[in-house]
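Here the structure is laid out as structure tokens; the discussion comes afterwards.
The values are calculated or read from the model by the stated rules, or taken from the named source; none is laboratory data. A quick note: this is a predicted structure, and the numbers were derived from the prediction, not measured. Because the Cβ atoms are built from the backbone with ideal geometry, glycine has one as well, and the counts that use them run over all protein chains shown. All accessible areas refer to the heavy atoms of the entire protein, side chains included, with ligands and DNA or RNA removed. Shrake-Rupley method; radii C 1.70, N 1.55, O 1.52, S 1.80 Å.
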Amino acid sequence: MSLFVKSVFTVALVPSVAFAIGMSNPDQDNPNLNYWLADEVNDAKTAEDFQTIVSSKPQVISAPLSKPTRIALIYPSADLSDFWVRNYKALTARLSALHIDYVIDELSSRQIEHALQTRYIDEVLARQGEYDYVIYGPSELYVQADNIQRLAKSESFQSYIWAFHTPMKSWQFQPDAWFDFSSSVGAQALCDFLIQRLGSDVSFAMNRGIPGITDDQRSGDFKSCVEEEGGWMNFYEHFGQYQAGGGRDGAALITQSFPEVTMLHNANTAMTLGSLEYLAEQSLIDGMYVTGWGGTAAEIEQIKQGNLNATPMRMGDDVGVATAEAIKFSLEGRTSDIPKIYLGRIEVVDDQMSTEEINARTREAFRYSGVELE
């Protein structure tokens, strides 16, 4: 029986992330990148084989362990997106399915609580000899760069990063592996879908997140794509800090000041829900094409209700499952079979799909964390 040691500090709720192995990465065209891309650090066959394992039924660990595996999990799970909690559930369920006994110290924050995450890092490093693995979902990559390197420097445990996939070239110490969905590829997929669906010369606005690499990819890459490939016109960009209130404020500012806008981009679930709430109150839902990010359960429900029009949907449990498989490989001495950057699958879901189609994708996406279908 697995044990759980929880140190959870709950405060309101936040975001997500997305990619599929085998897809081209639009970042590759940028010669000024200061981070490594997945295909620059991964062996292609290793990544492909690992994805096959993640997508398949579990194969138990080759030899029983003499003691439970100790894990520290530091992540912003006290926010509106269910990405973090679902991948916690997927991680633990897959570990159990692999017959790996474990103890997890779970340290939770909100996305904007950068200082709290630093305190958690201090606590973990003060007793680093107790852990075999530290999984870190940073509040923001650049803000937490020093903390990531502090973890990576330790020789006491393996360090895994959740929800980012961009090892910085300037770092002296690099984490052992990264687990994420590519926001750039998700932005490209959403761009291609929307240009096909809505056509060219669309007037749009954006609820962006926190300035940094994630929003640069989710929002910046999306903006560049629709402007360059569809001739779309951007009227306004609001930084909503990945919070529901920020999404609501952005929707209010946009609809009041720019009535020309017919399409609203949201960079995460919380802002999506906040903007939809405001649009519904003002009876503006029918006049605005609204997109979300991540395909969380809350977003899928809004699509089924006819409020949200489309979202890039991550096969959400992939990150947690992949992390569990990496732990198994590591315990078996097979670290060379773990890709440096694991990128989960992503597909666009929209309001013109049937309930059956959406449910099929939802079952696969949340195969361990669970979902109630209607």
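Residues in the range 312-338 that are open to solvent by 10 Å² or more (accessible area, probe 1.4 Å) and among the hydrophobic types (A, V, I, L, M, F, W, C): Leu331, Ile338. Of all residues in the range 321-346, those that are touching a residue at least 40 places away in the same chain (Cβ under 8 Å) have Cβ atoms under 7 Å from Cβ atoms of residues that are acidic (Asp, Glu) and open to solvent by less than 10 Å² (accessible area, probe 1.4 Å), 6 or more apart or on another chain, in Leu343/Asp180; Gly344/Asp318; Arg345/Asp318. Restricting the range 223-264 to residues that are part of a strand (DSSP E or B) and closer than 23 Å to Ser81 by Cα, which is most open to solvent (accessible area, probe 1.4 Å)? Among residues in the range 223-264 that are part of a strand (DSSP E or B) and closer than 23 Å to Ser81 by Cα, the one most open to solvent (accessible area, probe 1.4 Å) is Phe239.
Of all the listed residues (Ala163, Ala126), the sole one being open to solvent by 10 Å² or more (accessible area, probe 1.4 Å) and either in contact with a Phe, Trp or Tyr (Cβ under 6 Å, 6 or more places away or on another chain) or of a type outside the set (Asp, Glu) (or both) is Ala126. When you scan the range 193-222, how many residues do you find that are in a helix (DSSP H, G or I), touching a residue at least 24 places away in the same chain (Cβ under 8 Å) and open to solvent by 30 Å² or more (accessible area, probe 1.4 Å)? Number of matching residues: 5. Every condition in (1) without any contact (Cβ under 8 Å) to a residue 60 or more places away in the chain; (2) buried (at least 19 other Cβ atoms within 10 Å of the Cβ); (3) not in a helix (DSSP H, G or I) is met by Ser283 except one, and the failing one is (2).
Close Cβ contacts (under 9 Å, 6 or more residues apart or on different chains) running from residues in the range 63-76 that are more than 20 Å from Glu140 (Cβ to Cβ) to residues that are aliphatic (A, V, I, L, M) and open to solvent by 50 Å² or more (accessible area, probe 1.4 Å) comprise Ala63/Leu331; Leu65/Leu331; Pro68/Leu3; Thr69/Leu331.
Contact map, the range 244-262: residues that are free of Cβ contacts under 8 Å to residues at least 40 places away in the same chain and within 13 Å of Thr272 (Cβ to Cβ) paired with residues that are of a type in the set (Asp, Glu) and assigned to a helix (DSSP H, G or I), Cβ distance under 7 Å, separation 6+ or inter-chain. Pairs shown: Arg248/Glu277.
Tell me which residues, restricted to the range 354-369, are open to solvent by 30 Å² or more (accessible area, probe 1.4 Å) and either without any contact (Cβ under 8 Å) to a residue 12 or more places away in the chain or in a loop (DSSP other than H, G, I, E, B) (or both). The answer is Ser354, Glu356, Glu357, Ala360, Arg363, Arg367, Tyr368. Scanning the range 98-145 for residues that are in contact (Cβ under 8 Å) with a residue 40 or more places away in the chain, part of a helix (DSSP H, G or I) and out of contact with any strand residue (DSSP E or B) (no Cβ under 8 Å at 6 or more places or on another chain) yields one hit, Leu116.
Report whether or not Ser156 is at pLDDT 95 or above, of a type in the set (Gly, Ala, Ser) and not in a helix (DSSP H, G or I).
Numbers: at pLDDT 95 or above: yes; of a type in the set (Gly, Ala, Ser): yes; not in a helix (DSSP H, G or I): yes.
The answer is yes for Ser156.
When Arg150 is tested against the conditions (1) surrounded by 17 or more Cβ atoms within 10 Å (Cβ to Cβ); (2) farther than 30 Å from Asn234 by Cα; (3) out of contact with any Leu (no Cβ under 8 Å at 6 or more places or on another chain), the lone failure is (3).
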